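The numbers here are math on the coordinates, done by the rules we state, and not lab data. Bear in mind the structure is a predicted one, so any value in this text is a computation, not a measurement. Cβ atoms come from the backbone with ideal geometry, glycine included; neighbour counts cover every protein chain shown.
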Amino acid sequence: MTMEPLLLRALLAAVLLAATAAPLGAFVVWRRMAYFGETLAHAVLPGAALAVWWDLAPETTLPPFVLGLAGLLLVLERRSRLPADTLLAILAHGALAAGLLGLALAGGYRTDLLAYLFGDVLAVGTVDLGLLAAAAVAVALWLGASWRGLVSATVSAELAAVEGVAVGRLRLLLVMALALVVALGMRVVGMLLVMALLIVPPAAVRPWVREPEGMALGGLAFAVGAAALGLAVAFRWDLPAGPAMAAVAVAGFFASTALARLVRREGGTEP
């Protein structure tokens, strides 16, 4: 295998993941669901342990496991008397502990843990690319069809329900879409950094846009740029790709925030 196809697959995987994650990340930021997403990310590890136990490809166990935990979270939020953040903390740390123990018992603790935590974009194959492309198309179609309802439910769930928006169904579908992106993103950037491509891009462009569409589209452009630049930095200096992409995204966030403040100050809109 030559190096060019390897690099092309890695770049395509990073771009597909960024393009899928960023528009959903706008709603994660608006709805303050960051900790919810982190809990889903922790669910990757038990799914990975099952793959090691049963000698299966991670793609076959991660999505069902993460989707199942997402459904469990929604059920517990409705039926438990505990605060949502307490439930999320319990499930997040429980999933993390179960995954670590499962990998240790399966004998894959040392060999597989770094790949699960930080990803291995060079290991992305044609099946992974197909899944990422399918997820990107599915998320884009769903967002296009549900955009107004999602925005209305984010602004005011009560008013949206009065207007006939199926708030509960939209929340369920949003959570499932997030779970799918988290599961697929493990291969590219790992469970610890997948939320960076969800949260950082829309947060970085938020000072520059006023409309929800602008935040989603701007976040998409930012995420794709950060993924491509981070991958280039990783290959140039022989660094792990997942952390490099996340670091570039975070650096871009601070640069965008500082520039926005400078522009407002020069324009006399900030004291």
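Got a sec? How would His93, His42 order by Cβ neighbour count within 10 Å, fewest to most? By the 10 Å Cβ count, ascending, the order reads His93, His42. The spread of Cα positions in the stretch 136-271, taken along each principal axis and listed from longest to shortest, comes to 54, 46, 21 Å.
For the chain, the fraction of alpha-carbon pairs lying more than 24 Å apart is 50 percent, rounded to a whole number.
Across the stretch 1-137, the convex hull enclosing all Cα atoms gives 120 Å³ per residue. Each Cα pair under 8 Å and six or more residues apart adds its separation to the average, and for the stretch 149-271 the resulting relative contact order is 20 percent. Among the trypsin sites (Lys or Arg not before Pro) in the stretch 65-158, those located in a DSSP loop and surrounded by at most 16 other Cβ atoms within 10 Å of their own Cβ are Arg81.
The ranking of Met195, Met186, Met176 by Cβ neighbour count inside 10 Å, starting from the fewest, reads Met176, Met195, Met186. With r defined as the distance between the Cβ atoms of Asp55 and Leu122 and R0 fixed at 22 Å, what FRET efficiency is calculated, to the nearest 0.05? Plugging the Cβ-Cβ distance into 1/(1 + (r/R0)^6) gives 0.50. Legend: helices of the chain (whole DSSP H runs) are marked when their alpha-carbon atoms reach 27 angstrom or more along the helix axis and their mean Kyte-Doolittle hydropathy is at least -0.5; marked are 3-30, 58-79, 84-106, 126-155, 167-189, 212-237, 241-266. Between Glu266 and Leu8, the distance separating the two model label sites (each 7 Å from Cα on the Cα→Cβ line) works out to 4.2 nm.
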